[in-house]
1. Answer with yes or no whether residue 141 is touching a residue at least 40 places away in the same chain (Cβ under 8 Å), more than 30 Å from residue 119 (Cα to Cα) and more than 14 Å from the chain's Cα centre (by Cα).
2. Which helices (runs of 4 or more DSSP H) sit wholly inside the range 229-308 and have at least 1 residues that are farther than 20 Å from residue 36 by Cα, more than 14 Å from the chain's Cα centre (by Cα) and free of Cβ contacts under 8 Å to residues at least 24 places away in the same chain?
3. Kindly indicate the residue of the range 92-121 that is part of a loop (DSSP other than H, G, I, E, B) and over 30 Å from residue 32 (Cα atoms) and also modelled with the lowest pLDDT among those meeting that condition.
């Protein structure tokens, strides 16, 4: 059975599904990259994803409109981001603890809403793969790259956009300055709080969309604890990628390919205990952090509240 894993058909399937599974990692991790580059650590990404996933699914399920569902996820994520920004930026709360609080809030509220408003697992017809004339018919590459849904393409387009904003725009310069030396940025007239509010709220929007990509594009279902720790892996990917969008992309592909591999291992019935297969992405998270955290430098003001002098 192990030999089947190395057949052309299975390898293409692993890569194609790996690219698809990278979608929620990319949305959530790119959003968290913006927040951390401005100095705010948000460990509540998982909770934002769960509420975004539920909002998207419920709206799409009740209205039949996937775009309204996506909008609902973005709005819910933005509200969660604003709340996180208020607690961490305005109230100067300890960011790690408050982030865990937002995660537990998202987990509990999404579970409650699921039980009260749905009661049982339902499904929707989510975003379907887009056929691109001339490209989708290409051998191998057509199935891997050009037979994905619109949220997959959006996630990969987001990477160069994020790089451009962070490195080639005035806004990106302000974000990086606030994350490295907020006192100096403030002395030059940059509103530290305004920049941090913007980045944390943007991170919330993208986390909500990440949740929506699960519930109305990849899985087309909502159930309790749908994300299963994916939000925490997204936070780890920011460290793994060295706070660079390109690094986050590489990390997301690595983790999603491992996740895809473990799914195919189970599908093919390879005699590996299912618990061990499911653990693979999380073990990889720990190993990756051990190997990379000592070789990259985080933004100097990360997780440090800013208080204006005088």
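The values are calculated or read from the model by the stated rules, or taken from the named source; none is laboratory data. Since the model is a prediction, treat every value here as computed from it, not as a measurement. No Cβ is skipped: glycine too gets one built from the backbone with ideal geometry, and neighbour counts run over all protein chains shown.
1. When the stated conditions are applied, residue 141 does not pass them.
2. Because the criterion is at least 1 residues that are farther than 20 Å from residue 36 by Cα, more than 14 Å from the chain's Cα centre (by Cα) and free of Cβ contacts under 8 Å to residues at least 24 places away in the same chain, the helices (runs of 4 or more DSSP H) in the range 229-308 that meet it are 245-267, 274-292.
3. Taking the candidates together, the pick is 119.
For every residue, the table says whether it meets (1) more than 21 Å from residue 153 (Cα to Cα); (2) at pLDDT 95 or above; (3) part of a helix (DSSP H, G or I); (4) in contact with a strand residue (DSSP E or B) (Cβ under 8 Å, 6 or more places away or on another chain).
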| site | (1), (2), (3), (4) |
| --- | --- |
| 176 | yes, yes, yes, no |
| 190 | yes, yes, no, no |
| 198 | yes, yes, yes, no |
| 205 | no, yes, yes, no |
| 209 | no, yes, yes, no |
| 213 | no, yes, yes, no |
| 225 | yes, no, no, no |
